[in-house]
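Below is one structure, written out as structure tokens; the observations come after it.
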Amino acid sequence: MAPMSTARTGTAARDEKSARSGPAESPFVRACRRQSVPYTPVWFMRQAGRSLPEYRRVRDGIGMLESCRRPDLVAEITLQPIRRYGVDAAILYSDIMVPLVAAGVDLDIVPGTGPVVAEPVRTIEDVARIRRIDPGDVSFVDEAVRLLVAELGATPLIGFAGAPFTLASYLVEGGPSRTHVRTKALMHGAPDVWHALLTRLAEITLAFLRVQVGAGVSAVQLFDSWAGALSEADYRRFVLPHSAAVLGGLADTGVPRIHFGVGTAELLGALGEAGADVVGVDWRTPLDAATVRIGPDKAVQGNLDPAVLFAPWPVVEAEVRRILVEGRAAPGHVFNLGHGVLPETDPDVLTRVVALVHEASAG
Ligand code: CP3
């Protein structure tokens, strides 16, 4: 709200102007808020990373977790897809495991495998070893976000974190898992340990996201990438309250909250109920059908199959146009892939997708 004053100072006038043309008024943030947009905004999960030669160059000889702790490098990598693609939002370069390292968990990110945890979490004593985090534990993220917000100007920056269930899955399994068998065994076999673990992970996640919001991100995305492994009943009982604690804990900040998972056709309504403004939809559910499940008071994000980017261009074009049409059923649509950019993706195809989304949705 504009400050009450009789004589308008130069600073106040400038603040008002930048509020009108800044990230809060960008097509991306407007679409998240279900406001009118001049064209459908687009960004890609994992737009910064493995598929870009300029990324591979700056990461040469630097470990994944180390790269996340260097604000100059984080800023550079985050900006690479902005320069190349002309996407409507940047997403902070980091990893969902970063706040767990700050919480004292001994883990590594093994190239070609993913996160590997030295001592898997299975007992209440294991849970007790995971500390809460203070903003000072992730000051490098605060610094990187501030650098980026200054650099990005009117382009919004998306902050993110892993959701309690997806983080728990890595901690309990000790690494990536197809079946999540130990995670489910703990959930059902020791619900008290499970809830203690997810409560602590929700505290860490909320603290981590509040640092990012405090430093100036324009939206946040909660990645519950593996939630689709659960039935709706188990999701509601064992996971939703904890994700709701994170999303609800951000409500006072007013930043749009995107809630994403893969294979979540049966969970779309629940993902929205957990407190999202935008629900991310993978490629399995058309956006118009997803909107029926989510309800009319939330925007959607998605949902081009990342594998379709390897098909001939006319196929890609037809899919993009179909998704734009289906997205009109929702009160707000942010174009994206249904999951992250695959490493072998040709970046030039993504450049063409951005141009097509903008052109085909304008007017
Ligand atoms: O593009 C890259 O993969 C390069 C850097 C990198 C990231 N994470 C960045 C990242 C690497 C090597 C990782 C390791 C990692 N962490 C993997 C990949 C293992 C592999 O080699 O294939 C995985 C699966 C994780 C765990 C993780 N990180 C998950 C489940 C998610 C949520 C998103 C998803 O893909 O489901 C992340 C988030 C993540 N990791 C992001 C980035 C830049 C943020 C979000 C984004 O840009 O969309």
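The values are calculated or read from the model by the stated rules, or taken from the named source; none is laboratory data. Values in this document were obtained by computation on a predicted structure and should not be read as measured data. Cβ coordinates were reconstructed from backbone atoms using ideal geometry, including for glycine residues, and neighbour counts include every protein chain displayed. Side chains are part of the model used for accessible areas, which takes the heavy atoms of the whole protein and leaves out ligands, DNA and RNA. Shrake-Rupley method; radii C 1.70, N 1.55, O 1.52, S 1.80 Å.
A few remarks follow.
- Phi-based couplings in Hz for region 315-327 (Karplus 6.51, -1.76, 1.60; Gly and Pro marked x): 5, 4, 4, 5, 5, 4, 5, 4, 5, 4, 5, 5, x
- With contacts taken as Cα pairs under 8 Å and at least 6 residues apart, the chain reaches a relative contact order of 20 percent.
- For region 267-363, the equivalent ellipsoid derived from the Cα gyration tensor has semi-axes of 24, 15, 10 Å, listed largest first.
- Alpha carbon convex hull of the chain, volume per residue in cubic angstrom: 137 Å³
- Prolate/oblate/rounded call for region 88-147, Cα gyration tensor, a/c under 1.5 rounded: oblate
- Per atom type, the chain shows carbon and sulfur on 53% of its accessible surface, probed at 1.4 Å.
- In plain terms, the C-alpha convex hull of region 17-68 casts an average shadow of 5.6 nm² when viewed from every direction.
- A simple spin-label model places the labels of Arg352 and Asp192 6.0 nm from each other, with each point 7 Å out along Cα-to-Cβ.
- Using a probe of 1.4 angstrom and keeping all protein chains present, the accessible surface of the chain works out to 42 square angstrom per residue.
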